[in-house]
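The values are calculated or read from the model by the stated rules, or taken from the named source; none is laboratory data. Note that the coordinates shown come from a computational prediction; the quantities given were computed from them, not determined experimentally. Cβ placement follows ideal geometry from the backbone for every residue including glycine, while neighbour counts extend to all protein chains displayed.
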Amino acid sequence: MDLPAKQGRNSEAYIKNLARVGAKYATAREGFEKQQDLLKAFQFYNQAAQYGHPGSNYELGIMYESGVPGSGGFAVEKDLAKAIKFYKVAADGGMVFAGSREARFGLFFFLSLSLNDPPPPTHTPHLGHI
């Protein structure tokens, strides 16, 4: 699907169209595609996110949270750190509910790192002169 060439690449309409095309591939609705194509959706969302589109950043967060299936595995691997980053950008762009996902997964990610890290080395504190 090519976007109208008349629109400047930095125009608001162009950026919104990138996000719309991504959404149509993601949902396979409105007669646009007969089958869902999450990898194409990811590509269009990624382009719109580069221009700061909050909704596309949110959708990328979801895709990184769960991964995007591809032939023979995942086309986009699960990556909670990236998901949190995209949720944060979406929340900073005005998507309030993206902030709650960011906070929830940020806490989960922090706790999972903390629980999997080896314990700190034990040592006897130097008491000096008492």
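For every residue, the table says whether it meets (1) in contact with a helix residue (DSSP H, G or I) (Cβ under 6 Å, 6 or more places away or on another chain); (2) under 17 Å from LYS24 (Cα atoms); (3) crowded, with 16+ Cβ neighbours inside 10 Å.
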| site | (1), (2), (3) |
| --- | --- |
| LYS40 | yes, yes, yes |
| ASN46 | no, yes, yes |
| GLN50 | no, no, no |
| LYS78 | no, no, no |
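Report, by residue number, each residue of the stretch 13-66 that is modelled with pLDDT of 90 or more and outside any helix (DSSP H, G or I).
TYR51, GLY52, HIS53, listed by residue number.
Take GLY70 and decide whether it is loosely packed, with under 14 Cβ neighbours inside 10 Å, modelled with pLDDT under 80 and not hydroxyl-bearing (Ser, Thr, Tyr).
yes
Restricting attention to the stretch 67-90, report how many residues are in a loop (DSSP other than H, G, I, E, B) and under 21 Å from VAL21 (Cβ atoms). Spell out the reasoning first.
Taking the stretch 67-90 and keeping what is in a loop (DSSP other than H, G, I, E, B), we get 67, 71-72, 77-79.
From what is left, the residues that are under 21 Å from VAL21 (Cβ atoms) are none.
The total comes to 0.
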